[in-house]
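The values are calculated or read from the model by the stated rules, or taken from the named source; none is laboratory data. Treat the numbers as computed from the prediction; the structure is a model and nothing was measured. Cβ: placed from backbone, ideal geometry, glycine included. Neighbour counts: every protein chain shown.
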Amino acid sequence: MNQLARELNALLEGTIIGRVLSEYGLRSYFPKGIVAQASEAGVKATRFNATVGMAYAGGKPILTDTAAKQIPGFSAKESVAYSPTAGIVDLRTQWESEIRRKNPSLSDTPMLKPVLTSGLTNGIFQLGELFVDPDDRIIMPDLFWGNYRLMLETRRAARIVTFPFFDESNAFNTEGFRAACEKNRSAGKLMVLLNFPNNPAGYAPTQKETDSLVNVLYDLAEAGMDMIVVTDDAYFGLYYQTDVYRESLFARCANLHERVLACKIDGATKEEYLWGLRLGFITIAAQGLTAAHYDAFEKKLTGSIRASVSNGNTLGQNILLRMLIDPEWQEEKRRIYDDMHARFDTVQSILAKYTGPLQALPCNAGYFMSFDCGDLDAEQIRIALLERGIGTISIQNRYLRVAFASVDNHDLPTLYGEIFDVVEAISQEQTH
């Protein structure tokens with residue numbers, strides 16, 4: 001094991017981070033190689049800087065005229081130069097301010113300054129690398145984003161353990177969550193992965209459900225379980241009903257217990273409507289961690305990022321940074337939210353009048369809603385809709401996911417009319 005990794009492990013020994021690192025996480029470190037040496041040169045090389053693999057002219061990275069025409073208003077440094085592995089410092093600082101603004105219960109709770117990842121997917125990927133070993137258990141609801149399997153089961157050989165998302169009263173299944181965690185206590189450590197608002201259900205817990213969920217986590221920690229609680233906040237902020245808990249679960253877990261490591265995965269993908277720029281962030285917090293512990297973990301995390309994607313998109317970061325500090329952005333963002341809310345209301349109005357065989361799952365947030373197709377085959381429904389020029393997603397052959405966020409409000413009645421028409425036709429075929 002590299003000496004730098006050993007030194008980081010010694011700093012983290014006895015902490016929740018040190019106890020839950022994977023074998024790879026223990027080996028990870030940020031090398032004192034080209035990137036670190038170039039960073040030092042950036043400060044001290046006042047005459048010539050012959051370190052970084054970029055072409056310079058007149059002391060600036062070369063920005064071709066052809067490229068400059070496509071990105072007016074951005075300098076070479078803001079657009080084509082490399083950025084730090086952990087992300088542009090000003091953007092990381094601004095994103096931390098945004099997290100605290102959106103989650104006021106965090107107050108001044110210490111936490112890792114957000115580290116940039118190449119989208120939320122890469123954020124979950126990095127946590128899988130650093131914390132998940134083969135056969136580790138990962139607890140999540142049975143309605144989850146399919147890419148989790150690729151990242152955590154296929155790549156890390158972990159075991160995803162699910163519980164029914166909803167209980168018999170169509171509330172978040174807190175007792176099912178507790179039972180799944182209790183059953184896997186022998187694993188010594190658990191990763192819990194929760195995505196609110198949920199994809200594919202389009203559901204976020206209420207205040208009461210959140211309180212109950214947090215109580216379960218606290219009870220497990222008190223019983224001696226080390227827990228990595230990952231909150232996938234891809235659709236954060238898109239809440240449409242008044243009883244929905246409007247902060248991230250991360251805020252409730254950041255100082256919950258010394259055995260609970262809260263990990264927030266978020267970013268500009270959906271939250272700031274910049275999907276293709278691939279800008280995500282990792283933020284962690286736990287009771288008792290110090291600035292030295294966060295610094296040590298950041299070195300392990302940036303080492304892992306360096307080993308995979310090297311660093312993030314510089315132009316994208318600067319676009320996001322300018323947006324976040326633009327006084328007009330919040331008003332524009334509110335208008336987009338109002339439009340999404342109007343689409344949600346339209347869907348709810350349509351569903352309230354529907355009496356067919358599909359059962360709409362509870363939905364109060366996000367981009368999606370889903371149907372439980374019951375005795376019908378969701379894949380058959382999907383294919384039939386596709387033949388009519390309509391795209392939906394089938395899940396487990398049981399659920400049909402509809403992204404109302406991707407269809408204009410005035411077209412939603414037509415969309416759902418087609419869905420119900422196809423379902424009726426298939427139902428009639430099965431009865432003959």
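Just a few scattered comments:
- The set of residues in the range 1-30 that are among the aliphatic types (A, V, I, L, M) and in a helix (DSSP H, G or I) comprises L4, A5, L8, A10, L11, L12, I16, I17, V20, L26.
Yes/no matrix, rows are residues, columns are (1) small (G, A, S); (2) in the same structural domain as N255 (by TED's automatic domain parsing); (3) without any contact (Cβ under 8 Å) to a residue 12 or more places away in the chain; (4) farther than 21 Å from M369 by Cβ:
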| site | (1), (2), (3), (4) |
| --- | --- |
| E175 | no, yes, yes, yes |
| E182 | no, yes, no, yes |
| L194 | no, yes, no, no |
| A204 | yes, yes, no, no |
| V214 | no, yes, no, yes |
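- Hey, M140 more than 29 Å from D345 (Cα to Cα) and either assigned by TED's automatic domain parsing to the domain that holds I17 or in contact with a Gly (Cβ under 9 Å, 6 or more places away or on another chain) (or both) or not: no
- R246 vs. criteria within 30 Å of C181 (Cα to Cα), among the basic types (K, R) and in a loop (DSSP other than H, G, I, E, B): yes
- Of everything in the range 396-432 that is touching a helix residue (DSSP H, G or I) at 6+ places or on another chain (Cβ under 9 Å) and of a type in the set (S, T, Y), the residue that is farthest from R343 (Cα to Cα) is Y399.
- Being in a loop (DSSP other than H, G, I, E, B), touching a residue at least 60 places away in the same chain (Cβ under 8 Å) and either more than 28 Å from the chain's Cα centre (by Cα) or outside the structural domain of L274 (by TED's automatic domain parsing) (or both) holds for only one residue in P413, P357, and it is P357.
Okay, residues lined up against (1) farther than 24 Å from T346 by Cβ; (2) modelled with pLDDT of 95 or more; (3) part of a loop (DSSP other than H, G, I, E, B):
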| site | (1), (2), (3) |
| --- | --- |
| Y203 | no, yes, yes |
| T210 | yes, yes, no |
| G224 | yes, no, yes |
| V229 | yes, yes, no |
| F236 | no, yes, yes |
| T242 | no, no, yes |
| E258 | yes, yes, yes |
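To keep it simple, each residue is scored yes or no on (1) out of contact with any helix residue (DSSP H, G or I) (no Cβ under 7 Å at 6 or more places or on another chain); (2) closer than 24 Å to R100 by Cβ.
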{"site": "Y203", "(1), (2)": "yes, no"}
{"site": "T206", "(1), (2)": "yes, yes"}
{"site": "T210", "(1), (2)": "no, yes"}
{"site": "L217", "(1), (2)": "no, yes"}
{"site": "L220", "(1), (2)": "no, no"}
{"site": "A223", "(1), (2)": "yes, no"}
{"site": "I228", "(1), (2)": "no, yes"}
{"site": "T231", "(1), (2)": "no, yes"}
{"site": "F236", "(1), (2)": "no, yes"}
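- Of the residues examined, T162 is not one that is more than 23 Å from R259 (Cα to Cα) and either free of Cβ contacts under 8 Å to residues at least 40 places away in the same chain or touching a His at 6+ places or on another chain (Cβ under 9 Å) (or both).
- Scanning the range 288-300 for residues that are under 18 Å from the mean Cα position of the chain (by Cα), over 24 Å from Y82 (Cβ atoms) and modelled with pLDDT of 95 or more turns up nothing.
- Across the range 377-392, the number of residues qualifying as of a type in the set (G, A, S) and under 30 Å from the mean Cα position of the chain (by Cα) comes to 2.
- Residue within the range 43-62 that is surrounded by 14 or more Cβ atoms within 10 Å (Cβ to Cβ), aliphatic (A, V, I, L, M) and assigned to a helix (DSSP H, G or I) present: no
- The number of residues in the range 61-113 that are within 30 Å of T231 (Cα to Cα) and of a type in the set (D, E) comes to 4.
- The set of residues in the range 277-323 being under 17 Å from G119 (Cβ atoms), in a strand (DSSP E or B) and of a type in the set (G, A, S) consists of G280 alone.
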